Amino acid sequence: MVDVKGRWALITGASRGIGKLTAVFMAEQGCNLILHARKKENLEKVASEVKTLGVEVRCVEAELTDLAAVEKMLAEIDNLGVRVDIVLNNAGLQIAYRNEFLKTPASDYTESFKINTIAPMMICYHFLPSMIANDFGRILNTTSGINLDPQQAGYSASKAALDKVTIDLGLKVQGTNVMINLTDPGWCRTDLGGPQAPNAPESAIPGIVVGAFVDDKKSGRFLGAQNFAGMTLEDAVKKAESEFNSPY
């Protein structure tokens with residue numbers, strides 16, 4: 001199992017919900033954090049909390065629908081002078097639920113793809129070269145299990161696209177110490193998931209981050225968090241490595 005103590009992880013969408021829980025959990029493992037939100041002030045509470053756990057914290061901001069802002073954020077991270085070994089692309093947007101799904105506007109697709117597909121892949125492409133050069137890296141892209149639901153077409157299509165490019169890209173690092181995999185918290189009671197969701201947000205821990213700790217050189221897997229609900233991190237890693245194989 002990977003020891004993340006002293007390493008740096010970028011977590012997008014870290015100000016609340018699953019992102020905040022992820023930040024706290026990674027800090028508990030001794031991982032230094034770069035936290036992202038739309039506005040830095042939204043990160044003040046979580047940054048204060050994780051600092052009490054003895055790790056270093058930096059905060060960055062970007063509206064992920066603004067691709068120029070994403071580029072600016074990445075340049076800011078480069079200027080921090082730290083080595084990013086772990087990327088947890090948690091941020092996402094469920095833009096609308098369209099009961100009249102045959103009237104779904106084109107903007108549902110364009111906005112969803114910017115946040116749910118293009119921005120996370122920009123982040124992947126930015127950090128992968130240094131990860132490959134350093135012979136270490138872990139990337140987890142957060143997807144969704146939504147299926148057969150045309151009322152959420154923009155969201156589900158953008159996540160399906162993220163699945164595709166993550167799996168395809170993973171082939172290029174398969175067998176190395178740079179690993180890129182997919183995760184899904186499941187339907188949780190967050191701002192995105194809504195109050196009717198069956199799962200507590202805490203059920204996504206440790207599964208939502210298990211891909212940062214596996215050490216078997218396999219990429220392209222779907223490591224759904226609910227498969228590891230209630231497990232210790234150590235047991236979750238063992239389960240991920242023994243039961244979830246690469247698709248190649």
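Once you put a point 7 Å from the Cα of ASP149 and another 7 Å from the Cα of ALA106, both along the Cβ direction, what distance in nm separates them?
It is 2.6 nm.
Might you tell me the accessible area per residue for segment 72-194, computed with a 1.4 Å probe and given in Å²?
Spelled out: the 1.4 Å probe surface of segment 72-194, per residue, equals 45 Å².
How large is ³J(HN,Hα) for each residue in segment 131-138, as worked out from phi by the Karplus curve 6.51 cos²θ - 1.76 cosθ + 1.60 (θ = phi - 60°), to whole Hz, x for Gly and Pro?
4, 5, 5, 8, 6, 7, x, 9
Report, to the nearest whole %, how much of the accessible area of segment 66-157 belongs to carbon and sulfur atoms, 1.4 Å probe, protein only.
55 percent
How far apart, in nm, are two points set 7 Å out from the Cα along the Cα-to-Cβ line at ASP135 and at GLU76?
Those two pseudo-labels are separated by 3.4 nm.
If you count only protein heavy atoms and use a 1.4 Å probe, how large is the accessible surface of THR176, to the nearest 10 Å²?
For THR176, the solvent-accessible surface is approximately 50 Å².
What dipole magnitude, in Debye to the nearest 20, does the chain give about its Cα centre under +1 on Lys/Arg Cβ and -1 on Asp/Glu Cβ?
80 debye
Using amide H atoms built in the peptide plane, which far-off residues or other-chain residues are under 5 Å from CYS31 H to H?
GLY6
I need the phi-derived Karplus couplings for segment 146-155: 6.51 cos²θ - 1.76 cosθ + 1.60, θ = phi - 60°, integer Hz, Gly and Pro marked x.
Taking θ as phi minus 60°, the curve returns 4, 8, 6, 9, x, 5, 10, 4, x, 5 Hz for segment 146-155.
For a 24 Å ceiling on Cα separation, which of these pairs sit above it: LYS72/LYS103; LYS45/LYS218; LYS5/LYS39; LYS20/LYS40?
Those over the limit are LYS72/LYS103; LYS45/LYS218; LYS5/LYS39.
From the list [x] 18.0; [y] 19.8; [z] 19.0, can you say which value of Kirkwood radius over Cα pairs in Å was derived from the structure given?
Structure-derived value, by its label: [x].
Modelled label-to-label distance, GLU63 and GLN174, 7 Å Cα→beta-carbon offset: nm?
Calculated label separation equals 4.0 nm.
The values are calculated or read from the model by the stated rules, or taken from the named source; none is laboratory data. These numbers were taken from a predicted model, which means no experiment stands behind them. Ideal geometry is used to build each Cβ from the backbone, glycine not excepted, and the neighbour counts take in all protein chains shown. Heavy atoms of the whole protein, side chains included, go into the accessibility calculation; ligands, DNA and RNA do not. Shrake-Rupley method; radii C 1.70, N 1.55, O 1.52, S 1.80 Å.
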